[in-house]
């Protein structure tokens with residue numbers, strides 16, 4: 001059955017206007033959007049390989065995601081940065097890259113698009129994320145994003161078109177991401193840091209009071225990454241006098 005032939009079979013025509021192609025138990029399947037309500041897309045394998053072309057302008061790779069405990073692929077540093085932000089978001093419980101092919105007919109020809117990420121939120125809702133700098137969104141890409149947003153709306157998923165993040169925020173989050181792994185946590189030091197920063201105070205003096213900075217700082221940054229301790233990461237670069245406090249302490 002061609003894409004779009006089920007348009008009249010559902011109350012929302014978009015449920016029949018789109019099909020999704022994805023891997024299920026290692027086998028590529030293709031189903032109508034309406035039949036994919038229960039698919040855990042945050043657990044599926046990528047529908048296309050990640051490539052490292054010689055002389056290419058993009059930088060692909062694998063990012064270890066602390067949220068899932070698995071490596072997730074990306075095709076550019078911009079996508080890698082978005083992964084860092086998703087990984088640090090406490091509302092995110094699962095992430096998959098290139099989760100499915102979205103198929104549709106645009107009135108003239110068959111089209112398909114593979115979104116960059118599928119995200120599962122703590123509420124259970126899905127979110128589809130496409131990452132592209134604004135100056136690289138041409139007409140065909142804009143049409144693909146519009147179709148993806150329509151499909152997401154039909155199944156009550158969020159759709160986010162993510163561009164270039166704020167440079168200060170991203171510089172801070174890249175730094176904190178170095179301490180995302182659980183191996184950075186020492187509970188005795190963490191407990192001491194919670195005591196020291198029960199009231200807001202500068203980072204470096206507080207860390208020194210908690211113990212040897214070489215031992216304390218990795219734990220401190222892990223707690224900030226985890227949201228247990230709070231630093232303003234949006235307005236200025238992290239520094240020795242950045243104010244730190246326990247989450248909920250202000």
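Here are some notes:
- With respect to the chain, whose longest principal axis is taken over its alpha-carbon atoms, helix 77-88 is tilted by about 70°.
- Between residue 110 and residue 194, the FRET efficiency from the beta-carbon distance, with R0 = 45 Å, is close to 0.20.
- Averaging 1/r across all pairs of distinct Cα atoms in segment 119-250 and inverting the result yields a Kirkwood radius of 17.2 Å.
- Sites residue 28 and residue 134 - FRET efficiency at Förster radius 30 Å, r taken between beta-carbons, to 0.05: 0.35
- For the listed peptides 216-222, 109-115, a ranking on the average number of other beta carbons within 10 Å per residue, highest first, reads 216-222, 109-115.
- Whole-Å semi-axes of the chain's equivalent ellipsoid (Cα gyration tensor): 41, 18, 16
- Measuring how big segment 180-250 is from its alpha-carbon positions, Rg and Dmax come out at 10.8, 31 Å.
- For the chain, the relative contact order works out to 14 percent when only alpha carbon pairs closer than 8 Å and six or more residues apart are counted.
- Antiparallel content of DSSP bridges confined to the chain, in %, to 5: 85 percent
- Segment 111-196: C-alpha gyration tensor shape, a/c 1.5 cut-off, then a/b vs b/c: prolate
- Using a Förster distance of 35 Å, the FRET efficiency for residue 204-residue 51 (Cβ separation, nearest 0.05): 0.20
- In segment 116-250, the DSSP beta bridges split such that about 60 percent are antiparallel, to the nearest 5.
- Pairs of Cα atoms nearer than 8 Å and 6+ residues apart set the relative contact order; for segment 4-150 it is 19 percent.
- Only helical runs count toward this figure. For the chain, summing -39,500 (n - 2.57) over DSSP H runs of n ≥ 4 and dividing by all residues gives -9000 deg cm²/dmol at 222 nm.
Only the coordinates and a few stated rules stand behind these numbers; no lab work does. All of these numbers come straight from a predicted model, not from anything done at the bench. Positions of Cβ are backbone-derived with ideal geometry, glycine not excepted, and every protein chain shown enters the neighbour counts.
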